[in-house]
Amino acid sequence: MAWLPVGFVHPASVEVMDGYHLRPIRAADVDLDYPAVMGSQARLWSIFGEAWGWPPPTMTREQDREDLARHEREIQAHQSFNYALLDDDETALFGCVYIDPPEKVGADGEISWWVVDAAAGSELERALDTLVPRWIAADWPFERPRYIGRDLSWRAWLELPRPEGGA
């Protein structure tokens, strides 16, 4: 079963606030992504570790590049989406937004996001927190999006059943 309608065109870019935007991540972004992820590794592990096993404390730059290449392929195939939060000059990565097909019952899309430690609690994080649900409602074809870590905890998400026939 397809999770997106035939012909759906994913957004190429979206402004978050003055000076910052989201765009699909690429393997070539590794020199921005790796320091962002590893500089916030402990907090990111506390959020995503149990569910995704990410980011491991021993992740190498090459492993990150491979992960980003996988994301890039998945974006091109419309299997899932990872949007990088970048400054307008694309000199730094400040976080990511993930838009995935549902792994658990009760949603038609699962969305989560993070910002680097330095942006936690900042105006940028508040702008992203405000933008993402509005952006999903306006530009994505979901009727029942689930905002993991926002409208339910990761622990509650892990406890939800998988769809019948799901892995």
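Summary of computed values
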| quantity | calculated |
| --- | --- |
| Pair list, Cβ under 7 Å, 6 or more apart: segment 150-161 residue closer than 17 Å to residue 114 by Cα and open to solvent by 60 Å² or more (accessible area, probe 1.4 Å), other residue among the polar types (S, T, N, Q) and in a loop (DSSP other than H, G, I, E, B) | none |
| Any hit, segment 57-76, residues being under 18 Å from residue 128 (Cα atoms), modelled with pLDDT of 95 or more and among the basic types (Lys, Arg) | no |
| Single residue of segment 18-66 satisfying the filter (in a helix (DSSP H, G or I) and among the polar types (S, T, N, Q)) that is least open to solvent (accessible area, probe 1.4 Å) | 41 |
| Inter-residue pairs, beta-carbon under 6 Å, first within 15 Å of residue 72 (Cβ to Cβ) and in segment 90-109, second open to solvent by 30 Å² or more (accessible area, probe 1.4 Å), 6+ apart | 93/32 |
| In segment 85-96, the residues that are surrounded by fewer than 23 Cβ atoms within 10 Å (Cβ to Cβ) and either more than 15 Å from residue 34 (Cα to Cα) or among the small types (Gly, Ala, Ser) (or both) | 87, 88, 89, 92 |
| Pick from segment 108-129, criterion closer than 18 Å to residue 13 by Cα and more than 15 Å from the chain's Cα centre (by Cα), ranking: surrounded by the most Cβ atoms within 10 Å (Cβ to Cβ) | 124 |
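The values are calculated or read from the model by the stated rules, or taken from the named source; none is laboratory data. What you are looking at is a predicted structure, and each value in this text was computed from that prediction instead of being measured. Virtual Cβ from ideal backbone geometry, glycine too; neighbours counted across all protein chains shown. Accessible surface areas use protein heavy atoms only, side chains included; no ligands, DNA or RNA. Shrake-Rupley method; radii C 1.70, N 1.55, O 1.52, S 1.80 Å.
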